[in-house]
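A short worksheet on the structure shown next.
The values are calculated or read from the model by the stated rules, or taken from the named source; none is laboratory data. If you're wondering where the values come from, they're calculated on a predicted model, not measured in any experiment. FYI the Cβ positions are ideal-geometry reconstructions off the backbone, even for glycines, and counts take in every protein chain you see. What goes into the accessible areas is simple: the full protein's heavy atoms, side chains included, and nothing from ligands, DNA or RNA. Shrake-Rupley method; radii C 1.70, N 1.55, O 1.52, S 1.80 Å.
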Amino acid sequence: MKKKKEGLGWIEWMRGWLYLAYEMLFQRITASHLQNPMPLPSINDLTCIVTGSTSGIGREIARQLAESGAHVVMAVRNTKAANELIQKWQNEWSGMGLPLNIEVMELDLLSLDSVVRFAEEWNARLGPLHVLINNAGIFSIGEPQKFSKDGYEEHLQVNHLAPALLSVLLLPSLIRGSPSRIVNLNSVMHYVGFVDTEDMNVVSGKRKYTSLVGYSSSKLAQIMFSSVLHKRLPAESGISVVCVSPGIVQTNVARDLPKIVQAAYHLVPYFMFSAQEGSRSALFAATDPQVPEYCELLKTDDFPVCAFISQDCCPTNPSEESHNVDTSHEVWEKTFEMIGLPSDAVERLIEGEEVACRYGAHGE
């Protein structure tokens with residue numbers, strides 16, 4: 001029997017870090033052909049949900065989609081801050097066109113009950129959803145290991161489990177909005193990530209927990225799950241699944257950094273993208289007409305990973321480890337166990353059946 005892989009080989013690990021350094025130094029050059037802000041096509045008929053849209057990249061995505069005519073739903077933990085933002089945007093926009101079509105709904109990714117409540121409330125409208133942008137994420141640099149009230153390591157829950165649950169539960173609305181898209185904001189950090197499916201919470205002691213381990217493995221798990229989802233969704237459903245890298249961006253992910261590291265972080269603004277620059281790949285993945293064709297092409301070719309769009313808005317290849325089909329299927333099975341859904345939930349939801357989740361009002 002083949003010995004189970006317990007981590008990245010040192011060559012893969014080195015390659016990952018070199019790639020990260022390359023991205024950091026050259027992302028401005030590779031993306032120099034892009035305009036800022038990115039011009040968007042007319043999207044008056046689109047309904048988009050953007051998670052974590054009160055700050056950073058999510059805030060830019062929500063504002064630019066709304067200004068291009070989309071109906072935007074800000075799915076956020078802090079609804080007061082979101083409503084204040086909308087007020088500000090409406091004032092700045094007045095006289096430039098019709099009032100922005102934005103609303104706020106509460107969603108806390110640290111609570112899987114909250115995710116189920118949000119999805120039920122949205123699906124009950126029986127309206128279409130054209131784009132789900134899973135933007136919210138955390139990277140608690142240097143912090144000790146923390147767990148959600150659901151008992152999962154926080155990076156794993158916010159960056160992977162909760163968006164996975166949200167994507168699956170919103171399938172009925174995405175089918176109504178077909179052709180529709182699920183856009184996951186990923187990170188170049190996944191290149192140094194490794195997922196141990198028997199120790200997703202990093203508690204066994206096999207690997208020492210650091211915030212870097214928590215973050216990078218949660219981002220890799222997201223790509224692996226997305227790749228299986230992309231394959232499981234039949235072409236007739238018309239749903240495309242895309243992961244994007246925003247590049248290395250100066251956002252308040254750094255709010256958790258120690259003061260001295262924050263100072264260093266602010267010394268390199270030339271290399272780093274602003275939130276507006278970081279939002280371009282997600283906006284591209286959400287609105288470009290060729291994205292569904294590209295996803296379909298990957299599916300027909302039976303490519304092992306889903307579409308991955310780099311910060312320069314070009315398709316690229318995610319890490320070597322993300323191509324590991326066996327691990328991806330294990331991540332898929334394990335994720336369904338953890339989020340309290342049956343493993344055939346996708347197939348059943350596509351057929352129009354009801355699926356019960358362990359979380360939310362119908363849970364135990």
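Return the only residue of Leu283, Leu298 being in a helix (DSSP H, G or I), touching a residue at least 40 places away in the same chain (Cβ under 8 Å) and under 27 Å from Ile29 (Cα atoms).
Leu283
With Leu25, Leu65, Leu8 as the choices, which residue is of a type in the set (A, V, I, L, M, F, W, C), open to solvent by 20 Å² or more (accessible area, probe 1.4 Å) and farther than 17 Å from Gln250 by Cβ?
Leu8
Of everything in region 296-320, what is surrounded by 23 or more Cβ atoms within 10 Å (Cβ to Cβ), within 22 Å of Leu40 (Cα to Cα) and not aliphatic (A, V, I, L, M)? Give them in sequence order.
Result: Phe308, Gln311.
In region 134-148, what residues are out of contact with any Ser or Thr (no Cβ under 7 Å at 6 or more places or on another chain) and not in a loop (DSSP other than H, G, I, E, B)?
Phe147
Give region 140-161 a look and list any residue that's under 18 Å from Glu333 (Cβ atoms) and surrounded by 24 or more Cβ atoms within 10 Å (Cβ to Cβ), or say none.
Leu156, Gln157, His160, Leu161
In region 324-354, what residues are assigned to a loop (DSSP other than H, G, I, E, B) and over 23 Å from the mean Cα position of the chain (by Cα)?
Glu351, Gly352, Glu353, Glu354, listed by residue number.
Could you give me the residue pairs with C-beta distances under 6 Å whose first residue belongs to region 332-349 and is over 17 Å from Leu220 (Cβ atoms) and polar (S, T, N, Q), whose second residue is assigned to a helix (DSSP H, G or I) and open to solvent by less than 10 Å² (accessible area, probe 1.4 Å) wherever it lies, and which are 6+ apart or on separate chains?
Qualifying pairs under 6 Å: Ser343/Phe336.
From the residues in region 269-280 that are part of a helix (DSSP H, G or I) and buried (at least 23 other Cβ atoms within 10 Å of the Cβ), which one is farthest from the chain's Cα centre (by Cα)?
Glu277
Hey, can you tell me all the residues within region 128-148 that are without any contact (Cβ under 8 Å) to a residue 40 or more places away in the chain and under 19 Å from Gly52 (Cα atoms)?
Ser148
Tell me which of these Glu120 doesn't satisfy, since it passes every other one: (1) modelled with pLDDT of 95 or more; (2) open to solvent by less than 30 Å² (accessible area, probe 1.4 Å).
(2)
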